[in-house]
Amino acid sequence: MIKKHWPDLGASIVVFLVALPLCVGVAVASGVPAELGIVTGVVGGIVVGLLPGSTMQVSGPAAGLTVLVADAVSRHGIQALGVIVLGAGLLQVLLGLARCGRWFRAISPSVVQGMLAGIGLVLVFGQLKPIVASPISLALGLLTVVIMLLWQRTPMRVVPGVLVGVVVCTALAALFASGVDKIVVGTLSADVHLPNFSLLDTGVIGTAVVFALVASAESMFSAAAVDRMHNGPRTRYNKELVAQGVGNTICGLLGALPMTAVIVRSSANVAAGARTKASRVLHGVWLLLFVVLLPGLLTLIPVAVLAAVLVHAGWKLLGLKDLVRLWRTDRAEGAVLVLTAGLIVATDLLTGTLAGLLAAVVKTAWDVSRLSVVETPEGLALKGNATFLRLPRLLDVLDGVDREHVRMDLSGVRHLDQACGQAIEQWVDESRRAGRTVELVGRGEPVRR
């Protein structure tokens, strides 16, 4: 039995080493105690890891939710975080039971990339202050990023670069810069608390809905990406959404951070050779043992070092290569991405994402609304989708018709909406009043006479 799960044991240690600094960093960037990030990682590993849905995905606090959490804490206070996360988790469970898991994959990829890019930019800008707080902080931050980047090119890259960067720079700070700002760690008994339902109001409920939708979308997108990395069982999306909801419900009851499936940990899990769920469950066990037995080690980590880790994570979320590739292949999709990311930075995550979704819908409607209006010897022939988006062109052609007998062929029209139908009706009436003969052929339902 031990031999069978040996690859999972090794993978769990790798994932633990990747998850630990990220759990702490996401918590600090979100404005909550560092240990609450580890609590979410423990729940994501042990609870969600045991539930059906996905085999290789690893869940925990995500950099993609940092902006949302920080905004929620500033608006409603940290005491309301548990209520928000609990509500989000229950909504996720309901969505999963209603078999809505796959619907989250229907969102335009350009909007998703724009959402991640916007979050990445906010994350990078938000962490610059602790990095430039002093020359020593700047040096530690830059060195952390350099180590993480260079480590991936070494033969020893099986050891996570993020861990190497944190350990090396923490050691250097302890030896030569003991006065630099460090992470403050409290006790679990003081920071883990039951949700305060007296804080429940419309603002909190709205925030919980946003949490649920964003966390669900990120988890489903992660599932699709992770499934392409391995040949094992595919993700069952509805069950995975229920599992994420159960995890967030428990995190809400503990007053911890919200969770999603995290692509960084999940890809590390696959790359480390994991074969079963045991690896992600064990990584949660290692996190639990760490927060119980060795929490004091976190107080040695400089704030600038963790900020550098998050800057690196934010830069990867930005995905400049994907943006350039998308811009070269489809300028309109690239514009949707840039619009979404820009509005997230300028306003907030919800506004930017909703605007991006609206822009994607308009673009899609424009793309599918292709109408060909051809003048024939007998009159006009319409082909394609006649929607209000093509109404100006249709009216221009109709206004230019100058003949006594017009044969309008609608047999090639796949869809005729009310706006175009009424325009044709009005033109037919005006033409007949002017003494013209109008013959409608094919799809003539909207203009019955």
task = Give the residue that is nearest to the chain's Cα centre (by Cα), with candidates limited to residues of the range 344-359 that are modelled with pLDDT of 85 or more and buried (at least 21 other Cβ atoms within 10 Å of the Cβ).
result = Gly356
remark   = Result of the Cβ filter at 7 Å on the range 337-348, keeping first residues that are on the phi < 0 side of the Ramachandran plot and partners that are surrounded by fewer than 20 Cβ atoms within 10 Å (Cβ to Cβ) and part of a helix (DSSP H, G or I), at least 6 apart or interchain, is Leu337/Leu323; Leu339/Ala355; Thr340/Ala355; Ala341/Leu121; Leu343/Thr351; Leu343/Ala355; Val345/Leu121; Asp348/Asp71
remark   = Restricted to the range 328-340 and to residues being among the hydrophobic types (A, V, I, L, M, F, W, C) and open to solvent by 20 Å² or more (accessible area, probe 1.4 Å), the residue farthest from the chain's Cα centre (by Cα) is Ala332
ask   = Name the pairs: first residue in the range 208-235 and closer than 19 Å to Ser110 by Cβ, second residue surrounded by fewer than 17 Cβ atoms within 10 Å (Cβ to Cβ), Cβ to Cβ under 6 Å, at least 6 apart or on different chains?
value = Met220/Arg105
task = Check off (1) farther than 20 Å from Val26 by Cβ; (2) part of a helix (DSSP H, G or I); (3) β-branched (Val, Ile, Thr) for Val159 and give me the number that stays unchecked.
result = (2)
request  = Just give me the residues in the range 388-410 being of a type outside the set (A, V, I, L, M) and either in contact with a Ser or Thr (Cβ under 6 Å, 6 or more places away or on another chain) or surrounded by fewer than 19 Cβ atoms within 10 Å (Cβ to Cβ) (or both), in sequence order.
outcome  = Phe388, Arg390, Pro392, Arg393, Asp396, Asp399, Gly400, Asp402, Arg403, Glu404, His405, Arg407
query = Out of the residues in the range 363-387 that are in contact with a Lys or Arg (Cβ under 6 Å, 6 or more places away or on another chain) and not in a strand (DSSP E or B), which is least open to solvent (accessible area, probe 1.4 Å)?
reply = Ser369
task = Would you mind telling me which numbered condition in (1) more than 16 Å from Val368 (Cβ to Cβ); (2) under 43 Å from the mean Cα position of the chain (by Cα); (3) modelled with pLDDT under 85 Ala386 fails?
result = (1)
inquiry  = Condition first: buried (at least 20 other Cβ atoms within 10 Å of the Cβ) and in contact with an Asp or Glu (Cβ under 9 Å, 6 or more places away or on another chain). Now tell me which residues in the range 411-422 satisfy that.
reply    = Leu416
query = Of Leu175, Leu194, which residue is over 30 Å from Gly87 (Cβ atoms) and surrounded by fewer than 16 Cβ atoms within 10 Å (Cβ to Cβ)?
reply = Leu175
query = Of these, Gly41, Gly25, Gly64, which one is more than 22 Å from Thr144 (Cα to Cα), open to solvent by less than 20 Å² (accessible area, probe 1.4 Å), out of contact with any Phe, Trp or Tyr (no Cβ under 7 Å at 6 or more places or on another chain) and not basic (Lys, Arg)?
reply = Gly41
remark   = Exception for Asp71 within (1) modelled with pLDDT of 85 or more; (2) surrounded by fewer than 24 Cβ atoms within 10 Å (Cβ to Cβ); (3) closer than 22 Å to Val291 by Cβ falls at (3)
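Here's the yes/no breakdown for (1) of a type in the set (A, V, I, L, M, F, W, C); (2) over 22 Å from the mean Cα position of the chain (by Cα):
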site: Gly247; (1), (2): no, no
site: Met259; (1), (2): yes, no
site: Val264; (1), (2): yes, no
site: Thr276; (1), (2): no, yes
site: His283; (1), (2): no, yes
query = Which of the residues spanning the range 127-161 are buried (at least 20 other Cβ atoms within 10 Å of the Cβ), of a type in the set (S, T, N, Q) and over 24 Å from the mean Cα position of the chain (by Cα)?
reply = Ser137, Thr144
ask   = Ala117: open to solvent by less than 60 Å² (accessible area, probe 1.4 Å), assigned to a helix (DSSP H, G or I), hydrophobic (A, V, I, L, M, F, W, C) and in contact with a Lys or Arg (Cβ under 9 Å, 6 or more places away or on another chain), yes or no?
value = no
Flag if Val124 is assigned to a helix (DSSP H, G or I), of a type in the set (A, V, I, L, M) and open to solvent by less than 60 Å² (accessible area, probe 1.4 Å) = yes
request  = Kindly provide the set of residues from the range 260-278 that are among the small types (Gly, Ala, Ser) and over 12 Å from Ser54 (Cβ atoms), ordered by number.
outcome  = Ser267, Ala268, Ala271, Ala272, Gly273, Ala278
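Could you please let me know if Ala133 is part of a loop (DSSP other than H, G, I, E, B) and either of a type outside the set (Ser, Thr, Tyr) or over 26 Å from Leu337 (Cα atoms) (or both)?
On the way: part of a loop (DSSP other than H, G, I, E, B): yes; either of a type outside the set (Ser, Thr, Tyr) or over 26 Å from Leu337 (Cα atoms) (or both): yes.
Spelling it out, Ala133 is indeed part of a loop (DSSP other than H, G, I, E, B) and either of a type outside the set (Ser, Thr, Tyr) or over 26 Å from Leu337 (Cα atoms) (or both).
The values are calculated or read from the model by the stated rules, or taken from the named source; none is laboratory data. In this text, all values refer to a predicted model and were calculated from it rather than measured experimentally. Note that we place each Cβ from the backbone using ideal geometry, even for glycine, and neighbour counts take in every protein chain shown. Calculation scope for accessible area: heavy atoms of the full protein, side chains included, ligands and nucleic acids excluded. Shrake-Rupley method; radii C 1.70, N 1.55, O 1.52, S 1.80 Å.
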